[in-house]
1. Once fully extended, how much extra length lies between ASP16 and ARG45, figured as 0.36 nm per residue of separation less the alpha-carbon to alpha-carbon distance?
2. Taking only Cα atoms and a 10 Å spring cutoff, compute GNM fluctuations for the chain and point out the largest among VAL15, VAL29, VAL43.
3. Which one is right for this structure if P(r) over Cα pairs in 5 Å bins from 0, in percent is calculated from it: (i) 3, 16, 28, 25, 14, 7, 4, 2, 1, 0; (ii) 3, 12, 7, 8, 7, 6, 7, 6, 6, 6, 5, 4, 4, 3, 3, 3, 2, 2, 2, 1, 1, 0; (iii) 3, 16, 25, 19, 11, 8, 7, 5, 3, 1?
4. Got a sec to turn the phi values of region 59-65 into Karplus ³J(HN,Hα) couplings, 6.51 cos²θ - 1.76 cosθ + 1.60 with θ = phi - 60°, whole Hz, x for Gly and Pro?
5. Just order 47-54, 30-37 by mean Cβ neighbour count inside 10 Å, highest at the front, would you?
6. Can you compute the charge dipole magnitude of the chain about its Cα centre, using +1 on each Lys and Arg Cβ and -1 on each Asp and Glu Cβ, nothing else charged? Give it in debye, rounded to the nearest 20.
7. Run the quick spin-label model on SER23 and ALA59: label points 7 Å from Cα toward the beta carbon, then report their separation in nm to one decimal.
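Each value in this text was obtained by applying a stated rule to the coordinates, not by laboratory testing. In this text the structure is predicted, and so the values were computed from the model without any measurement. A quick note on method: Cβ atoms are made from the backbone with ideal geometry, for glycine too, and the neighbour counts reach across all protein chains shown.
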Amino acid sequence: MTTAVAPSARVLCTVDVAAELLSLGRSTVYDLMAAGELPFVKVGRARRIRRSDVDAFAAQLPPQSV
């Protein structure tokens, strides 16, 4: 039996997991965090992003017309 939690079931995500969920690069996620567009929490020295904030960020993106 494993105790691993699927990335989609986590409450807090690492930057790497958030980047994977958003299909973005790590540096882009850090830029979004620095700009205040993607909220995060600090736990010690680590930055974590709430899964609900990842979902909310993706939901508010406007569709692009070609």
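1. Working: separation 29, 0.36 × 29 = 10.44 nm, distance 1.55 nm.
Gain on extension, ASP16 to ARG45, equals 8.9 nm.
2. The residue with the greatest mean-square fluctuation here is VAL43.
3. After the calculation, the listed value that fits is (i).
4. With coefficients 6.51, -1.76 and 1.60, one gets 5, 8, 5, x, x, 9, 9 Hz.
5. Numbers: 47-54: 18.0, 30-37: 12.5.
Result, highest mean first: 47-54, 30-37.
6. On the way: 8 positive and 6 negative charges, 67 e Å.
Using only the charged Cβ atoms, the result is roughly 320 debye.
7. 2.0 nm
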